[in-house]
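Reading through the structure tokens given below for one structure.
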Amino acid sequence: MIRWSTLPLLVALVCPTGALAYGEAAGGYPTMEELWVEVYTSSCRQDPAAWGWPAYSAKQALWRHEGLNIVARNHSEDMAENGCWSHDSCDGTDWDDRIMEYYDTYYVGENIAAGQQTPMDVVDAWLHSSGHRENIFTGGYQEIGVGVAHGGYYGIYWTQDFGGGDPAVRHPVPAAASRQAGGQLEIWAILETNNSAEVMVAVDADCHPADLIHGDPSSGTYEALAPSGSPGRWNVQVRLGGGDVHVWPDSGSWTNAGYSPDPPLADCFNTDPDPGDDDDAGGDDDAGDDDAGDDDAGDDDDDDDGPPGPPGDDDDSTLVHGGGVSCAGSAPVAADPEAGAALLGLLVIGGLARRRILR
């Protein structure tokens, strides 16, 4: 196995503790960018046809694994800081040694990319590349970790690690994320449960209903829109058919800027034994903007795993765009060469003796 102390990247090693309640963040893991990649990936898995990939059957969502999040971030930072473009670490450490230091199941896969500017861009780019798309739609994966690093030759590096292990916690909300959209706070929440459910999003002191936009009521993507404001602390509250209420994150809240240990004030399903005045339940149900996310579609390329060339030399990659505002599988068209360059790379493994690199 790898000795992490030999990696120049890892000055301070952050090890998974397993102590976090589901949906919480600690030490900067995860970021909102990483959560959005999780959300878009699970949304596409739950309803491939809605995202333009009807040839694929629906799959369950993916639950975040703390170790996969950390090892994915480490690899993105390694590529950004040390200038390599590879699934193996920049010091030559084999990719599976890198992942297995944080994950104990051998059925894993990885997508990497560089240069895509938003979570929607990079997920769309992976979906428009057959090998990366197969990773996203592989039914044997149950866990995910995403790592984003800014800097380096391409400006931003993305790593998406998948695992086939059994999640320690199967929270009804595997992932959620927020952003500003047209002057409103837009929250997407992934629901994965065997029960019917009612989904609400608490933002500060108000509750807002979440509407199903992709998938089906027990395995789908829900969206809530709320007026923008400060501090904008939110969580997702789910009441299952049997009456049980689950909250994501288990404690605290999120804002567009990141995780907060302070929860919103609203208790949407009156679970507090001393409920007091809760006449704000139901909240804002304005229809709002229901677009799929970032308007600019993702970048695809020739899956070149070679090292980036010197500045101004884009021979090792080709930037193309998929049209539309979602992951839909529209035909790619050539992009303006002045727009920059983006790279993709993937590696999948089904046991230590079998691995494949798409170049």
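Listing for the model above:
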{"quantity": "Which numbered condition H171 misses (of (1) closer than 18 Å to H208 by Cβ; (2) assigned to a loop (DSSP other than H, G, I, E, B))", "calculated": "(1)"}
{"quantity": "Enumeration of residues in the stretch 38-66 that are part of a loop (DSSP other than H, G, I, E, B) and either open to solvent by 10 Å² or more (accessible area, probe 1.4 Å) or touching a Lys or Arg at 6+ places or on another chain (Cβ under 6 Å) (or both)", "calculated": "D47, G52, W53, P54, A55, Y56, S57, A58, K59, Q60, H65"}
{"quantity": "Top-ranked residue of the stretch 172-190 - restricted to ones that are under 20 Å from E38 (Cα atoms) and out of contact with any strand residue (DSSP E or B) (no Cβ under 6 Å at 6 or more places or on another chain), ranked as modelled with the lowest pLDDT", "calculated": "A181"}
{"quantity": "Within the stretch 119-136, tally of residues that are open to solvent by less than 10 Å² (accessible area, probe 1.4 Å), of a type outside the set (D, E) and either in contact with a helix residue (DSSP H, G or I) (Cβ under 9 Å, 6 or more places away or on another chain) or at pLDDT 95 or above (or both)", "calculated": "10"}
{"quantity": "Hits in the stretch 44-95 (condition: of a type in the set (A, V, I, L, M) and farther than 17 Å from T221 by Cα)", "calculated": "A55, L68, I70, V71, A72, M79, A80"}
{"quantity": "Residue ID - farthest from T271 (Cα to Cα), chosen from residues in the stretch 234-259 that are open to solvent by 40 Å² or more (accessible area, probe 1.4 Å) and part of a strand (DSSP E or B)", "calculated": "Y259"}
{"quantity": "Residue in the stretch 142-151 that is surrounded by fewer than 21 Cβ atoms within 10 Å (Cβ to Cβ) and more than 19 Å from A257 (Cα to Cα) present", "calculated": "yes"}
{"quantity": "R239 being over 18 Å from D47 (Cβ atoms), among the charged types (D, E, K, R) and touching a Pro at 6+ places or on another chain (Cβ under 8 Å)", "calculated": "no"}
{"quantity": "Close pairs (8 angstrom Cβ cut-off, 6 or more residues apart or separate chains): on the phi < 0 side of the Ramachandran plot in the stretch 67-95, basic (K, R) anywhere", "calculated": "V71/R98; N74/R98; H75/R98; D88/R98; S89/R98"}
{"quantity": "Hey, T17 touching a strand residue (DSSP E or B) at 6+ places or on another chain (Cβ under 9 Å), modelled with pLDDT of 95 or more and not acidic (D, E) or not", "calculated": "no"}
{"quantity": "Members of the stretch 67-91 found to be outside any loop (DSSP other than H, G, I, E, B), farther than 28 Å from V169 by Cβ and of a type in the set (D, E), listed by number", "calculated": "D78, E81"}
{"quantity": "Selected residue (only one of A226, A202 is aliphatic (A, V, I, L, M), part of a strand (DSSP E or B) and over 24 Å from R64 (Cα atoms))", "calculated": "A226"}
{"quantity": "Test result for E192, open to solvent by 10 Å² or more (accessible area, probe 1.4 Å), within 20 Å of the chain's Cα centre (by Cα) and either more than 21 Å from R64 (Cα to Cα) or in contact (Cβ under 8 Å) with a residue 40 or more places away in the chain (or both)", "calculated": "yes"}
{"quantity": "Verdict on G298 being within 30 Å of S89 (Cα to Cα), open to solvent by less than 30 Å² (accessible area, probe 1.4 Å) and either at pLDDT 90 or above or aromatic (F, W, Y) (or both)", "calculated": "no"}
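The values are calculated or read from the model by the stated rules, or taken from the named source; none is laboratory data. Because the structure is predicted, anything quoted here is derived from the model rather than measured. Note that each Cβ is placed from the backbone with ideal geometry, even for glycine, and that neighbours are counted across all protein chains shown. For accessibility, only protein heavy atoms count, side chains too; no ligands or nucleic acids. Shrake-Rupley method; radii C 1.70, N 1.55, O 1.52, S 1.80 Å.
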